[in-house]
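I have placed the structure first, in the form of structure tokens, so that the comments after it can refer back to it.
The values are calculated or read from the model by the stated rules, or taken from the named source; none is laboratory data. All values derive from a computational prediction rather than experimental measurement. Please note: Cβ atoms are built from the backbone with ideal geometry, for glycine as well, and neighbour counts cover all protein chains shown.
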Amino acid sequence: MTETAAKGSVTTLWRYPVSSMGGERLDHSPIEPGGVEGDRVWGLLDAQTGRIASPGREKHFVQVPLGHARFTGEGVAISADGSVWAAPDDPATLERLAQVFGFTPRLEPFVPFGAEGFRPRYEHAPIHLVTTAGMRSLSRDMPDSVIDERRFRPNIVVDWPDGPEAMPEQGWIGREIRIGTVVLRGREPCGRCGFITLEQEGLPLDVELLRNVVRRYRRNFGIYCDVLSPGEVRPGDTVRLGS
């Protein structure tokens with residue numbers, strides 16, 4: 001792999017054990033061929049209707065990102081407030097989440113890729129990556145908005161210098177991205193939905209955010225990546241681009 005001179009570093013790492021619920025910030029991230037260990041391994045449904053949560057597209061589910069989830073190594077734990085944790089079938093916790101969500105939730109593990117059964121509504125590449133340069137560009141576009149990485153649910157946030165391109169990661173499609181011992185390849189831009197506008201803990205509702213991303217960036221923000229070489233990533237790791 002021929003590396004370019006430009007380089008950045010990892011600022012933060014994230015995992016989202018239950019799709020659509022709040023994620024957890026990591027101090028290290030094992031990267032497997034299928035992505036971050038424990039990422040998006042469970043799904044959430046409306047227990048009454050059986051509909052899979054889709055906060056970015058259905059008003060019924062807009063409070064789901066206010067719930068909390070973390071990976072335990074063997075499964076997931078859930079919380080309504082981020083401090084009291086329980087198993088995903090704990091009746092008291094599900095009742096507290098129902099009060100937050102406005103409906104009674106049911107959680108189920110996703111089946112492995114390629115198997116028949118409960119699968120995510122959308123399946124993309126294993127890793128989602130955004131750069132600080134891209135977020136700064138968005139902040140300049142929308143100075144009155146709270147531009148926070150949690151709105152975009154990345155696995156890896158890369159500190160990258162500002163340059164001529166508003167979102168430099170868009171130029172990483174088809175290129176190798178070396179982070180510590182891990183090698184990724186940019187696959188495609190990440191097309192956005194209404195999820196990025198939703199209220200989360202400490203983040204207000206911002207309906208203008210998606211409109212601006214559509215208008216300025218053709219709905220894309222960040223990129224999806226494939227894993228070429230698995231390993232482990234930590235904040236501070238150097239990020240270099242290859243051919």
Legend entry - Test set (1) of a type in the set (D, E, K, R); (2) more than 15 Å from ARG121 (Cα to Cα); (3) surrounded by 14 or more Cβ atoms within 10 Å (Cβ to Cβ) - GLU74 fails condition number: (3)
Inset, instruction - Mind telling me which of the residues GLU232, GLU201, GLU208, GLU188 ends up being surrounded by fewer than 18 Cβ atoms within 10 Å (Cβ to Cβ), in contact (Cβ under 8 Å) with a residue 40 or more places away in the chain, under 15 Å from ARG150 (Cβ atoms) and of a type outside the set (Lys, Arg)? - result: GLU201
Inset, instruction - Pick out the one residue from TRP42, TRP85 that is closer than 22 Å to TYR122 by Cα and either buried (at least 20 other Cβ atoms within 10 Å of the Cβ) or in contact with a strand residue (DSSP E or B) (Cβ under 9 Å, 6 or more places away or on another chain) (or both). - result: TRP42
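Any residue in segment 58-71 that is of a type in the set (Asp, Glu) and within 30 Å of PRO161 (Cα to Cα)?
no
Yes/no matrix, rows are residues, columns are (1) among the hydrophobic types (A, V, I, L, M, F, W, C); (2) not in a loop (DSSP other than H, G, I, E, B):
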site	(1), (2)
THR12	no, yes
PRO30	no, yes
GLY38	no, no
LEU44	yes, yes
SER54	no, no
ALA92	yes, yes
ARG96	no, yes
PHE113	yes, no
Legend entry - Output for segment 7-28, where each listed residue is buried (at least 21 other Cβ atoms within 10 Å of the Cβ) and either at positive phi or of a type in the set (Ser, Thr, Tyr) (or both): TYR16, SER19, SER20
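If you take the residues in segment 160-185 that are under 20 Å from VAL227 (Cα atoms) and without any contact (Cβ under 8 Å) to a residue 24 or more places away in the chain, which one is surrounded by the fewest Cβ atoms within 10 Å (Cβ to Cβ)? Give the steps one after another, and end with the answer.
The first filter runs over segment 160-185 and keeps only residues under 20 Å from VAL227 (Cα atoms), leaving 168-185.
Then drop every residue that is not without any contact (Cβ under 8 Å) to a residue 24 or more places away in the chain, which leaves 171, 174.
On the way: GLY171: 13, GLY174: 10.
Filtering segment 160-185 for residues that are under 20 Å from VAL227 (Cα atoms) and without any contact (Cβ under 8 Å) to a residue 24 or more places away in the chain, the one surrounded by the fewest Cβ atoms within 10 Å (Cβ to Cβ) comes out as GLY174.
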Inset, instruction - May I ask you to verify whether GLY50 is part of a strand (DSSP E or B) and either farther than 25 Å from LEU210 by Cα or of a type outside the set (A, V, I, L, M) (or both)? - result: no
Inset, instruction - For residues that are within 20 Å of THR197 (Cα to Cα), in contact (Cβ under 8 Å) with a residue 60 or more places away in the chain and surrounded by 14 or more Cβ atoms within 10 Å (Cβ to Cβ), tally how many sit in segment 45-62. - result: 5
Inset, instruction - Name the residue, out of GLY174, GLY194, that is among the small types (Gly, Ala, Ser), at pLDDT 95 or above and closer than 24 Å to LYS59 by Cβ. - result: GLY194
Legend entry - Residues of segment 153-177 classified as more than 16 Å from the chain's Cα centre (by Cα) and part of a strand (DSSP E or B), total: 4
